[in-house]
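Sharing a structure, written as structure tokens. Questions coming.
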Amino acid sequence: MTVSCRFTVNGSPVYGHFAPMRRLLDVVRAECGLTATKEGCGEGECGSCAVLLDGALVNSCLVPIAEVDGREVTTLEGLRTDDPLFAAFAASGGTQCGICTPGMIMAARALLNDCPHPDLSEIRRALSGNLCRCTGYTGIYAAIRAAAGQGGE
Amino acid sequence: MHDDDRSGAVPFKEAPLRKDGTEKVRGTARYIADVRYPGMLYGATLRTRLPGGTVVSIDFDENIAWDEYVVVTAKDIPGVNAVKMIEQDQPVLVEAQYRHAGEPVMLVAHRDPQALGTALAAIRIEERACDEGPVFTIEEALRPMTRQIVAGNVYRDYCMEKGSVARALGEPCHVFEGEYQTGAQEHLYIEPQGMIARVEEGVLTVEGSLQCPYYVHAALVSMTGLSADQVRVLQCATGGAFGGKEEYPSHIACHAALLSLKAGGRPVALIYQRAEDMAVTPKRHPSRTRVRLGADGNGRLRFIDIDFVIDGGAYLTLSPVVLSRGMIHAAGPYRCDHVRVRGRAVATSHPPFGAFRGFGAPQSIFALETAMDGLARTLGMPPEVLRARNVLVPGDLSPAGQGIEGPLDMHRVMEEALEASQYHAKVARCRQWNAQGQASRRGMGIATFYHGAGFTGNGELALRSRAGLRVSAGGLVEILTSTTEMGQGMQTTLSEIVAEALQIPYEGVCVARPDTRDVPNSGPTVASRTCMVVGRILAQAAYKLIARLRAGAALPSAYDYDEFCAACARLHASGDVATVMADYQHPVDSQWDESTFQGSPYRSFAWACYVAEVEVDTTTGEARVLDFTAVQEVGRVVHPTVAAGQIEGGVVQGIGYALFEEVHFGTDGQMANNRVTNYIIPTSADVPPIRVLFQESRAGAGPGGAAGIGELPMDGPAPAIINAINAALGTEIRHVPAMPEHILAAMDRGHL
Ligand code: FES
Ligand code: FES
């Protein structure tokens, strides 16, 4: 059994028939070829698959594609290319192995959209669903603050 | 709440950008799960379920069209059925007898991952258990009349001795004794392991997530019987490793290769799901350490007597080298005339334990540093005073008999740590807080330690590492090394070293992809050896390159980058070789006796003093690190952001090791909580402010006096945190992880 779904990914329309329980993560990676979104755990614990669904941060490994019908998906590839988070993460130790980085940047973008000048406790709360095993988070905090200081959206 | 991120590091603006930064933040770096080939098959592994036994038969459900599938068993192995490591004891695929649950028996591949799932459910592996029960702990392994996995269940039994503990024991002194335990630890790199194998132009080509391309290459050559040039290994972007991708990638590579070879060379992807990765791949060795310390009334150490045992699991893998590193670090950075360390690696029915950042040292350092606090209590002496009284200074001999050379000043490291953490003021404040009868108790804890960089003893000599540089006609210098980037910043650090040696801009240097067809064997990417050992080889290569450009391409004696580029163009035009190689040079004065563990085990050490401030909720037993200070003497900081990132990340892994990360083993001996949901690593909510400070003596053996730093930060947090908890509660907790229930139990014992 399949369901037909129509939605947008990074502004481009997507239409197709999918197994209803197919994960948004797989559709984004395999069907749309957008591989910035990563799979770390497949069970909603690590945040490396984070995307924005109608602007809200979700773990795409937990979203069945049937739920995406009629909605807007934004992946890392869909952020503005001059989003200050990119340069800040690269410069201030926000990335090491990089596997958590797209999810972290999505979480940071969701935070800055709601709260352009977060304090450290707000940053920590906003990242609590994203695991990083490399940085100890310190460099990520520094990156988000640097990006916020540059007047992110 | 802190707002002083990186108070100790130089602001990032002064440092060049990470080489791999852009591709990682843009999401364009290609990890193995991002790689696809037309017609690619997906593979899966069927495993044993009992903790040791015999595979009796394999049954296939007849309702499946098996000819659509690629099916591999041990019979399909063309070469040696063993994964090449220190010994060839671990099979690539089980033939009949096996030692633990989770051993691979069969491999299956299909185009459609869904169809693959159906087929796996339709295969039945019938197993018969061993007659004797499995052994799951060090105690069980050493008990007589138990299952013998190897003779006596002891893989290695080593002894390191300096002076005579027996004689020192006869003299009067204050003695403290304790038994310490550390649990297994899962790496939980966020990218699960995976490989893709295919045959391309007659060459078996395997790529994936890995630390050591030439380990994988050697394993494939041995398993396939192919010649070295018929096998090619490439690294993909690797999403964290921490030692976890040192050994096991060889297994997955062999499996993927077998499937591809059977499928006529078609690409086969073998990418683990998280649960499989956590259940079957190696973890940090659990340990048990008995420590006996003797000191005179002034706190001067008279003897250090240690019995260090690690659980190696069901196969030898890397346990001998983990054991020797753990032993060499067991007696700490202290001056003591009589030292005895016995070390054993034992066999149990768990899947093998393996390399994990620190490599045996975090285990033995935890025991010693926690015992040092016990000794301080016995002597009625503050723990920092006891340490200051014994720490090695230039002119001393280390426990391995190595002369300590200046300008190292461990006292300065300790002083800075105490000052930066406001140690004395906080000890007083904790005392006040605890006297107020709050629902929590607070304490300060300290650990002093060092970590040796590079392979132990004569290891570097045996590796004979090689690395090189290739220069383009445009003047771009490419680093040729099998050293891999796994997040630790190797591309950035080595590029800086080469740029500095060549006196050209950092932007003029890049790192070639680790590909065994293109880069020489620079040894594995482990043991904090990259900067010191490989960096040094590359600096030599840079000097050779300059010499060649001078001799063959008229590079002036003083030059700017334009002149350098012009010389490169001339070199190419003249048809001269544009690649230079350099080899590891072993210092002539470095001696190491493997039988007594005396001599120079490492060329350089990084030295550190870490301080933790901890709060324990006395109702729930939950411990929280409030503040952490990490001061280290690392020779030289090559890149401040990269170096600080290594320390910060390592400290957080160490916090997890101390307080959160508990591996539960099921009745089959495999990790039972093999999910990110129930194996808890620190999140951003758990991490305290971490103050990272560097001292630079410039005395390391690496370029510009650098030593190695990758593993160091894993050693200190666990003892500092447990010492802080014991100080807060008046308890004697002697193991990690210290989970809330353990802390409550220790409080009951201490009648708090
Ligand atoms: S892969 Fe989705 S949360 Fe981990
Ligand atoms: S950078 Fe490696 S997991 Fe975050």
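Here, each number is a calculation from the coordinates, and none is a lab measurement. All figures in this text were calculated on a predicted structure; none of them were measured in a lab. Glycine gets a Cβ as well: all are built from the backbone with ideal geometry, and neighbour counts include every protein chain shown.
Taking Cα pairs under 8 Å and at least six residues apart, what relative contact order does region A:27-153 come out at, in percent?
After rounding, I find 28 percent.
Using the beta-carbon distance between A:S128 and B:E419 and R0 = 35 Å, what value does 1/(1 + (r/R0)^6) give for FRET efficiency, to the nearest 0.05?
Step by step, r from the Cβ atoms, then E = 0.60.
Also, quick follow-up: Filter B:K84/B:K283; A:K38/B:K245; B:K245/B:K544; A:K38/B:K262; B:K84/B:K262; B:K19/B:K84 down to the pairs with a C-alpha to C-alpha distance above 25 Å, please.
B:K245/B:K544; A:K38/B:K262; B:K19/B:K84
Hand me the GluC sites (Glu not before Pro) from region B:124-185 located in a DSSP loop with no more than 14 other Cβ atoms within 10 Å, in residue order please.
Filter output for region B:124-185: B:E132.
Starting from the Cα gyration tensor of region B:96-150, multiply each eigenvalue by 5, take the square root, and state the resulting semi-axes largest first in whole Å.
Result for region B:96-150: semi-axes of 35, 11, 8 Å.
About the Cα centre of chain B, how large is the charge dipole given +1 on each Lys and Arg Cβ and -1 on each Asp and Glu Cβ? Please answer in debye to the nearest 20.
It works out to roughly 740 debye.
Further question on the same structure: Quickly estimate the mean residue ellipticity at 222 nm for chain A, helices only: each DSSP H run with n ≥ 4 gives -39500 (n - 2.57), and the total goes over all residues, rounded to 500.
Helix-only estimate at 222 nm: -8000 deg cm²/dmol.
Right, here's the next one. Report the one residue of B:H424, B:G730, B:L204 whose Cα lies farthest in the direction of the positive end of the charge dipole of the protein assembly as shown (charges on C-beta: Lys and Arg +1, Asp and Glu -1; origin at the Cα centre).
B:H424
While we're looking at this one, here's another question. Over region B:271-338, calculate the relative contact order: mean separation of alpha carbon pairs under 8 Å at least 6 apart, over the residue count, as a percent.
This gives 29 percent for region B:271-338.
Which percent of Cα pairs goes in each bin when the distances of region A:84-147 are cut into 5 angstrom slices starting at zero?
In order of increasing distance, the bins hold 4, 22, 36, 28, 9, 1 percent.
Taking neighbour Cβ counts within 10 Å as the exposure measure, how do B:E415, B:E615 sort from fewest upward?
B:E415, B:E615
Right, here's the next one. Can you compute the radius of gyration and Dmax for region B:597-752, using only the Cα atoms, both in Å?
For region B:597-752, the Cα-based Rg and Dmax read 17.8, 54 Å.
Give the residue from B:L375, B:A606, B:G403 lying farthest towards the positive end of the charge dipole for chain B; charges sit on Cβ (+1 for Lys and Arg, -1 for Asp and Glu) and the dipole is referred to the Cα centre.
Ranked along the dipole, the leading option is B:G403.
Please identify which residues in region B:665-684 have an amide N closer than 12 Å to a label point set 7 Å out from the Cα of A:L62, following the Cα→Cβ vector.
B:677, by backbone N distance to the label point.
Here's something else I'd like to know. What fraction, in whole percent, of alpha-carbon pairs in chain B exceed 39 Å separation?
Result: 37 percent of Cα pairs exceed 39 Å.
Going out from 0 in 10 Å bins, what whole percent of all Cα-Cα distances in region B:273-373 drops into each bin?
In order of increasing distance, the bins hold 16, 43, 25, 11, 4, 0 percent.
Starting from the exponent 0.38 and prefactor 2.2 Å, build the expected Rg for region B:201-262 from its residue count and divide its actual Cα Rg by it.
1.04
Are there trypsin sites (Lys or Arg not before Pro) in region B:686-752 that DSSP puts in a loop and that have at most 13 other Cβ atoms within 10 Å, and which ones?
Sparse-neighbourhood loop trypsin sites (Lys or Arg not before Pro): B:R698.
What does the extension gain come out to for B:A573 and B:Q97, with contour length at 0.36 nm per residue minus their alpha carbon separation?
Extra length from B:A573 to B:Q97 when fully extended: 165.2 nm.
Counting only Cα, what are the radius of gyration and maximum Cα-Cα distance Dmax of region B:419-512, in Å?
24.0, 74
Right, here's the next one. Taking the number of other C-beta atoms within 10 Å as the exposure measure, put B:W592, B:W607 in order starting with the fewest.
By the 10 Å Cβ count, ascending: B:W592, B:W607.
If one takes the longest principal axis of the Cα atoms in chain A, at what angle in degrees, from 0 to 90 and to the nearest 10, does the Cα axis of helix A:101-114 lie?
Approximately 80 degrees, to the nearest 10.
If you don't mind, another one. For region B:233-325, max minus min Cα coordinate along each principal axis, in Å, sorted largest first?
That works out to 73, 27, 25 Å along the principal axes.
Sticking with this structure for a sec: Give a residue-ordered list of calculated ³J(HN,Hα) values for region B:73-83 (Karplus: 6.51 cos²θ - 1.76 cosθ + 1.60, θ = phi - 60°; whole Hz; x for Gly, Pro).
10, 4, 5, 7, 7, x, x, 7, 8, 7, 7
Quick one, could you list the DSSP H helices from chain B stretching 24 Å or more along their long axis (Cα atoms) with average Kyte-Doolittle hydropathy of 0.5 or above?
For chain B, where a helix must reach 24 Å along its axis and average at least 0.5, the hits are B:640-659.
To continue, here is another question. So how long is each side of region B:25-107 along the principal axes, counting just the alpha-carbon atoms, biggest first, in Å?
49, 42, 26
Taking the Cα centre of region B:517-602 as origin and charging only Cβ (+1 Lys, Arg; -1 Asp, Glu), how large is the dipole, in debye to the nearest 20?
200 debye
Using unit Cβ charges (K, R positive; D, E negative) and no other charged atoms, how large, in debye to the nearest 20, is the dipole of region B:146-297 about its Cα centre?
Here region B:146-297 has a charge dipole of around 300 debye.
Using a 10 Å cut-off around each Cβ of peptide B:644-655, what is the average number of partner chain Cβ atoms that fall inside?
Mean partner shielding for this stretch: 5.
Which whole-number value in Å³ per residue fits the convex hull of the alpha carbons of region A:1-100?
95 Å³
Over chain B, what relative contact order in percent results from Cα pairs under 8 Å that are six or more residues apart?
Relative contact order here is 16 percent.
Another question, then. Of B:G575, B:T618, B:A551, which is farthest towards the positive pole of chain B's charge dipole, taken about the Cα centre with +1 and -1 on the beta-carbons of Lys, Arg and Asp, Glu respectively?
Positive-end residue among those listed: B:A551.
Enumerate the calculated ³J(HN,Hα) couplings along region B:474-489 in order (Karplus 6.51 cos²θ - 1.76 cosθ + 1.60, θ = phi - 60°), each rounded to whole Hz, writing x wherever the residue is Gly or Pro.
With the stated coefficients, region B:474-489 comes to x, x, 7, 9, 9, 7, 10, 8, 8, 4, 10, 8, 10, x, 6, x Hz.
Also, I was wondering about something else. With only alpha-carbon pairs counted, each pair once and no self-pairs, how large is the Kirkwood hydrodynamic radius of the protein assembly as shown in angstroms?
28.4 Å
If you don't mind, another one. Could you list B:K245, B:K426 so that the one with the fewest beta carbons within 10 Å of its beta carbon is first and the one with the most is last?
Going from least to most buried by this count: B:K426, B:K245.
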